[in-house]
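Any read-out appearing in this document is the output of simple, stated calculations on the displayed coordinates, not a laboratory observation. Here the structure is a predicted model, which is why all the values come from computation and not from measurement. Note that we place each Cβ from the backbone using ideal geometry, even for glycine, and neighbour counts take in every protein chain shown.
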Amino acid sequence: MELSPIESRVIGVEIQNLDLAKPLDRETVAAINDALNRYLVLVIRGQRLCDPDLLAFSRHLGELDPPGPNPYGEPFLKDFPEINVISNVVEQGRPIGNLGAGEAAWHADMTYIDVPPKAAVLYALEIPVDGAGDTYFASMFAAYDALPPDLKLEIDGKVTVHDASRNSAGMLRRGYTEVTDVRETRGALHPLVRTDPRSGRKALFLGRRHNSYVTGMPVEDSENLLDRLWTHATQSGFTMRHRWRAGDVLIWNNPAVLHRRDPFDANSRRIMHRTQIKGVERIA
Ligand code: SIN
C-alpha cells in the first residue's frame, strides 16, 4: 500500500494499492493502524466489498462494536447485525438505513457511552449521481493546539455529559424523552480535554453539541463555553472534505475527530454500510 496526500494539510490521507477484499498480512494491518493514528482519516477508493468482506476487514482493526440503538428498534441487516446501514432509501414503506437525507450535524460516534468506539469504517455502495452528501472531518488535535492559552487553562480538568437521546440526524432514540434541562442530560461523562494514550498529545473531546453540559457550571456559562469551543473546533482550517464515489472506504479515528455530512436530494439514492471498532480505554 502507498500513502498519498489529500487537500487538507492537517487531517486525512489517501491509501492506494490496497484491496480490502483480500486477506491482509500483519505488516499491512500495522501500517493501516499507524496511518490512522497519524492522519486520523484514511480514504481508500475503488473497493468492491460484500458484507462478509467488510466484516473481515474491520475485524483486522479490533473487536467490532455493534451499532447503537437505531430509531426503528432492530438491526437493518438481520444477517449482519454488526453492520449499520446509513441510507435515505425507503423500501416498502420502511427505511433501509439510518440518518435519511438531511444534514448530519458535527459529532463523534457513540461518545454517550463510557468507552466510545476507537474507529469507524464506512463503505459507499451507492452515491447520488450529483455526488452530493459530502462528509467532513475535523482534527481535534489541531483544534486543541490552536486554542488560546487562557481557554486551554479554563477547560483543563472540566468534564461534560455527552447526550445519548438523539442520533446525529436529530432523531430521538427509542426509550429517550426530550431533554428540557441540560443538567439532566442522560449519557456518559468525559473530560473536555483528552490525552492520546499513544502519543501523549492533547485533543478536544466534544462529542456532540446538542444537550451537552459542562458539569458543575451554571447552565448559561456552560452554554457559552461550549459554543465558543464548538465554533473554534469546526473551523475550516482543521477540517477535510470527502466527495464520495461508489467503492470508497473511509476509516476514521473516532475519539480524535468530529465529522458531519451535507444534506442531499431525498429523491436520490445513497447507501453505505458501516462498522465500528470497540474502544479499549476510557477517555482520559
Ligand atoms: C455518519 O455520521 O456516520 C454518516 C456519515 C455519512 O453519511 O457520510
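See the values below:
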| item | result |
| --- | --- |
| Scattering curve values for the chain, log₁₀ I(q)/I(0), Debye with Cα scatterers, q = 0.07, 0.11, 0.12, 0.17 Å⁻¹ | -0.24, -0.62, -0.74, -1.53 |
| Ranking of 230, 106, 252 by count of other Cβ atoms within 10 Å, fewest first | 230, 106, 252 |
| Sequence-separation-based contact order of region 186-284, relative, with Cα cut under 8 Å and 6+ spacing, percent | 33 percent |
| Förster radius 30 Å - calculated FRET efficiency between residue 27 and residue 231 (Cβ-Cβ, nearest 0.05) | 0.10 |
| Distance in nm between pseudo-label sites at residue 172 and residue 34 (7 Å out along the Cβ direction from Cα) | 5.0 nm |
| Region 85-215, relative contact order [Cα under 8 Å, separation at least 6], % | 29 percent |
| Protection proxy ranking of 16-24, 115-123 - average other beta-carbon atoms within 10 Å, highest first | 115-123, 16-24 |
| Ascending count of other beta-carbon atoms within 10 Å, so fewest first, for 185, 231, 195 | 231, 195, 185 |
| Mean Cα-pair separation over length for region 2-277, i.e. relative contact order, pairs under 8 Å, 6 or more apart, % | 33 percent |
| Rounded to 5, percent antiparallel among DSSP beta bridges of the chain | 90 percent |
| Within the chain, helix-based [θ] at 222 nm, where runs of 4 or more DSSP H residues each add -39,500 (n - 2.57), nearest 500 | -5500 deg cm²/dmol |
| Anchor residue 278: lysines whose Cα lies under 18 Å away (excluding residues fewer than 8 positions away in-chain) | 118 |
| Nearest-20 debye value, region 1-139 charge dipole, Cβ charges on Lys, Arg, Asp, Glu | 120 debye |
| 28, 160, 180, 135 arranged by Cβ crowding within 10 Å, fewest neighbours leading | 180, 28, 135, 160 |
| Amide H contacts under 5 Å for residue 160, placed H, 5+ residues apart | 190, 192, 215 |
| Cβ crowding within 10 Å averaged over residues, with 256-265, 196-205 ranked highest first | 256-265, 196-205 |
| Length added when fully stretched, residue 51-residue 150, from 0.36 nm per residue minus Cα-Cα | 30.8 nm |
| Globularity index of region 135-284, i.e. its alpha-carbon radius of gyration over 2.2 N^0.38 Å | 1.11 |
